[in-house]
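One structure below.
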Amino acid sequence: MKVVAYSIKSFEKEFLAKANQKKHDITLISNPLGLETTRYAEGKDAVVVFTNDDVSRPVIEQLAALGIKFIATRSTGTDHIDKQAAAQYGIKLANVPHYSPQAIAEHTVALALSLNRRLAKAQEHAQHFDFRQEGLMGFNFYGKTVGVIGLGHIGQAVANIFTGLGCLVIGYDIAPQPELKNITTVTLEELYAQSDIISLHTPLTPGTRHFINAAILKQMKDGVMLLNTSRGCLINTADVLKALNSGKVGYLGMDVYEHEKGLFFEDHEHDAIKDSLLQDLISHPDVLVTPHQAYLTREAVQQIADQTIKNLDMWQQSKCVGKACICAKNCRAIETAITI
Ligand code: NAD
């Protein structure tokens with residue numbers, strides 16, 4: 001299959017090469033997919049993308065006109081893809097349904113521990129040979145209540161680590177959950193009222209956009225720690241900044257940012273104009289920002305590459321990609337029905 005893969009970072013190449021074993025003819029480019037870069041898809045069968053690529057309707061229209069039949073995203077989240085538009089043009093879609101949830105869970109807890117124990121500040125001081133302890137006071141996680149919203153693969157992995165730290169973990173999921181080890185399921189209202197730390201692990205959907213906003217923040221404990229390694233748009237960032245400034249929110253750990261598209265994954269140090277909301281957050285002493293790196297472990301990146309190549313293999317054999325199918329018109333269901 002002839003493929004172009006967009007937004008490829010240098011470190012991904014060896015993992016993709018290992019997974020591909022020269023089966024597919026893949027052109028790797030660092031440019032993101034957008035209206036200006038669809039031309040690289042000319043003559044290809046499939047396009048491989050990442051979270052910040054533009055896979056909106058106008059881009060899909062251009063890809064369809066170039067004869068693209070398949071789009072595979074190297075991510076679990078699929079909110080960057082207009083699935084209805086792809087269905088309309090007969091383009092099949094696939095994601096990486098689950099890869100190493102521990103990678104994201106461990107980063108989530110790393111944010112929490114680092115925020116609490118002021119590790120970034122301590123390191124900055126140490127670099128100046130300043131070893132005073134003022135401003136480095138934290139709290140014990142042991143005995144604290146952690147509220148996990150979204151009890152899928154990552155939410156459950158996060159719950160397990162916090163349980164290991166001696167926290168009481170409560171959780172909420174929109175889908176009915178079987179009894180979960182280590183997690184007491186509660187209503188959202190109970191979760192907001194009881195949690196010292198709240199961690200978000202739902203996908204971004206129209207229903208979860210700005211899930212955390214001024215009205216919801218009022219329901220939380222004063223000084224709550226918010227963790228978001230899911231999608232930036234789950235949070236109304238301006239509302240959370242106000243809550244940080246008033247002390248309502250005590251800490252914010254974010255690996256994803258509402259306006260990260262065109263910003264994260266690249267060096268913007270010398271930009272004349274910088275995103276002022278993000279600047280305010282970064283300069284806030286109780287905020288830790290990482291650049292959408294929660295997935296970034298060797299194990300996870302190899303699993304992403306393996307599943308992406310597997311998706312291309314299946315399409316080449318005219319088969320459905322199974323659990324990786326994210327088509328709006330679920331071709332998996334259609335194929336199963338035909339097979340039966
Ligand atoms: P998952 O599908 O296993 O779990 C998501 C859970 O959220 C499901 O149980 C679902 O029922 C629940 N949910 C959906 N809408 C909800 C709502 N309104 N309220 C409460 N619960 C709701 O997915 P996962 O593998 O755990 O991944 C979760 C998200 O993490 C992904 O969608 C993606 O956006 C994000 N992610 C981020 C990174 C990163 O590097 N920062 C990496 C991978 C995934």
Practice prompt. Past 27 Å, Cα to Cα, is the threshold; run LYS23/LYS261; LYS218/LYS261; LYS181/LYS323; LYS22/LYS261; LYS144/LYS261 against it and keep the listed order.
Written response: LYS23/LYS261; LYS218/LYS261; LYS22/LYS261; LYS144/LYS261
Response to the item:
Between the residues GLY232, GLY150, ASN182, the Cα farthest towards the positive end of the dipole of the stretch 101-289, that dipole coming from +1 and -1 charges on the beta-carbon of Lys, Arg, Asp and Glu, is from ASN182
Practice prompt. For the stretch 101-289, divide the Cα radius of gyration by the Kirkwood radius and give the resulting Rg/Rh value with two decimals.
Written response: 0.97
Worksheet item: How much mean residue ellipticity at 222 nm does the chain get from its helices, if each DSSP H run of length 4 or more adds -39500 (n - 2.57) and you divide by all residues, to the nearest 500 deg cm²/dmol?
Response: -10000 deg cm²/dmol
Discussion item. How big is the dipole moment of the chain about its Cα centre under a simple scheme where the beta carbon of each Lys and Arg is +1, that of each Asp and Glu is -1, and everything else is neutral? Debye, nearest 20, please.
Written reply: 900 debye
Worksheet, complete the sentence: In units of 2.2 N^0.38 Å, the Cα radius of gyration of the stretch 21-146 is 1.60
Worksheet item: Can you give the Kirkwood hydrodynamic radius for the chain, in Å, rounded to one decimal and based on Cα pairs?
Response: 21.4 Å
Worksheet item: So what's the gap between the Cα centers of the stretch 224-269 and the stretch 35-112, to the nearest angstrom?
Response: 23 Å
Worksheet item: Among all the aspartates and glutamates, which ones have a C-alpha under 16 Å from LYS248's C-alpha, if same-chain residues fewer than 8 places away are not counted?
Response: ASP196, ASP222, ASP239, ASP286
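Only the coordinates and a few stated rules stand behind these numbers; no lab work does. Every value quoted in this text rests on a predicted model; they were computed, and no experiment measured them. Ideal geometry is used to build each Cβ from the backbone, glycine not excepted, and the neighbour counts take in all protein chains shown.
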